[in-house]
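Beneath this line is the structure, given in structure tokens, with notes to follow.
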Amino acid sequence: QVQLVESGGGVVQPGGSLRLSCAVSGSIFRINVMGWYRQAPGKQRELVAAVTGGKRINYADSVQGRFTISRDNAKNTVYLQMNSLKPEDPAIYYCNLDVRRYGSGRYEDIWGQGTQVTVSS
């Protein structure tokens, strides 16, 4: 069984920082893309940032220059460092991994449980 555990959400003032973590455990053979999405109330879930196995990174325009995604393959963990948080950043943030299990010939799309980020003065 594969399990994702997210942590690091919370309340921060505008201009503040938070660091999200998402660790996956279980019978993992390989992880391809690791990404972060967010969903604000009344809005569709959107991609925030993603990093491939080859370390190629993609950011949403709205977070470019403020957020940094990174991955630690030894720990099967992806991070999202969020700096200069703005009032438009609050949402539930979800990690999303493209995972191949041992004994499987295909990759699966797996989601974390989500962590709330609130920006408030």
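The table that follows gives values for the structure above.
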item	result
Candidate set: segment 83-118, residues that are among the aromatic types (Phe, Trp, Tyr) and under 28 Å from GLY15 (Cβ atoms); chosen: the one least open to solvent (accessible area, probe 1.4 Å)	TYR93
Scan of segment 62-106 for residues that are within 16 Å of the chain's Cα centre (by Cα) and acidic (Asp, Glu), ordered by number	ASP72, ASP89, ASP98
Hits in segment 41-67 (condition: in a strand (DSSP E or B), over 18 Å from GLY10 (Cβ atoms), open to solvent by less than 70 Å² (accessible area, probe 1.4 Å) and of a type outside the set (A, V, I, L, M))	TYR59
Filter result (of a type in the set (Ser, Thr, Tyr) and in a strand (DSSP E or B)) within segment 68-102	THR68, SER70, THR77, TYR79, TYR93, TYR94
Residue count, segment 9-24 (criterion: in a loop (DSSP other than H, G, I, E, B) and open to solvent by 30 Å² or more (accessible area, probe 1.4 Å))	5
Pair list, Cβ under 8 Å, 6 or more apart: segment 8-31 residue within 16 Å of VAL78 (Cα to Cα), other residue among the acidic types (Asp, Glu)	LEU20/GLU6; SER21/GLU6; CYS22/GLU6; ILE31/ASP98
Candidate set from segment 25-40 (those that are more than 24 Å from THR118 (Cα to Cα) and assigned to a strand (DSSP E or B)); member that is nearest to the chain's Cα centre (by Cα)	VAL33
Filter result for SER121 (in contact with a Pro (Cβ under 8 Å, 6 or more places away or on another chain) and loosely packed, with under 14 Cβ neighbours inside 10 Å)	yes
Residue match in segment 62-70 (condition: at positive phi and basic (Lys, Arg))	no
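Table: residues versus (1) within 17 Å of THR68 (Cα to Cα); (2) touching a Pro at 6+ places or on another chain (Cβ under 9 Å); (3) in contact (Cβ under 8 Å) with a residue 12 or more places away in the chain; (4) of a type outside the set (Asp, Glu).
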{"position": "GLN81", "(1), (2), (3), (4)": "yes, no, yes, yes"}
{"position": "SER84", "(1), (2), (3), (4)": "yes, yes, yes, yes"}
{"position": "PRO87", "(1), (2), (3), (4)": "no, yes, yes, yes"}
{"position": "ASN96", "(1), (2), (3), (4)": "yes, no, yes, yes"}
{"position": "VAL99", "(1), (2), (3), (4)": "no, no, yes, yes"}
{"position": "GLN113", "(1), (2), (3), (4)": "no, no, yes, yes"}
{"position": "GLN116", "(1), (2), (3), (4)": "no, yes, yes, yes"}
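The values are calculated or read from the model by the stated rules, or taken from the named source; none is laboratory data. This one's a predicted model, so the numbers in the text were calculated from it and none came from an experiment. Reconstructed Cβ throughout: ideal geometry from the backbone, glycine too, with neighbour counts over all protein chains shown. Side chains are part of the model used for accessible areas, which takes the heavy atoms of the whole protein and leaves out ligands, DNA and RNA. Shrake-Rupley method; radii C 1.70, N 1.55, O 1.52, S 1.80 Å.
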